[in-house]
Amino acid sequence: MADWKCVRVFSLVVALLCLLGSSARASIYQIDATYNSPSLGSISGTFTMDDGTPATISNVDINVSLPTLSGPFSFHFDVVINPAVTWPTGLLWFGNHAYGAGDTHIFLFLSPLNDGSYLIGQKQSGQFNQSEVSVIHVNNWQGFTGTIRIAAVPEPSTWAMMILGFEGVGFLAYRRRNQAAVA
């Protein structure tokens, strides 16, 4: 009986922590973009962004595969650069922690879609700008298109409800076992 109480208290504490969580909700976004055609190059990965003002972006994990004269080139981007300025203007600016922001970066110009996702492409603001990847001493590629979508990851409140549901099912099974032993 004591073991069941420990499990029950632990699951209730976890569920409450999930429900209370942080005040700003965070979503994981999935990036899928190609360079001219899928066979030439791609950008794929994820990042986490909350709905605060300004938005906070973290957990950047983006991989780029691009064509060069010497063969395919792959590079990893792991930081966001100045999200408070860039995100509200429709631009995501990613970099690599080992390089300067101007040397190695990804510029993704975004247009919001009705379903909460974003279209990656170009921006018209006085001059024509295309989404690009630039890697120091390698090359600069312009003309990426694709989408950024919210990944299908349960929110903390969903996790809390699942934990409480599993606890309820476990409690019913426990009660039935005890009732069968008494009878």
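Below, the figures for the structure above:
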{"item": "Residue that is closer than 22 Å to SER27 by Cβ, modelled with pLDDT under 80 and either outside any helix (DSSP H, G or I) or of a type outside the set (A, V, I, L, M, F, W, C) (or both), where the choices are ALA152, ALA160", "result": "ALA152"}
{"item": "Among the candidates GLY143, GLY165, residue that is exposed (fewer than 13 other Cβ atoms within 10 Å of the Cβ) and at pLDDT 80 or above", "result": "GLY165"}
{"item": "Number of positions in region 67-120 that are modelled with pLDDT of 75 or more, under 19 Å from ASP51 (Cβ atoms) and of a type in the set (Phe, Trp, Tyr)", "result": "1"}
{"item": "Residues located in region 121-135, provided they are modelled with pLDDT of 80 or more and either more than 22 Å from MET49 (Cα to Cα) or of a type outside the set (Ser, Thr, Tyr) (or both)", "result": "GLY121, GLU132, VAL133, SER134, VAL135"}
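The values are calculated or read from the model by the stated rules, or taken from the named source; none is laboratory data. Source: prediction; values computed, not measured. No Cβ is skipped: glycine too gets one built from the backbone with ideal geometry, and neighbour counts run over all protein chains shown.
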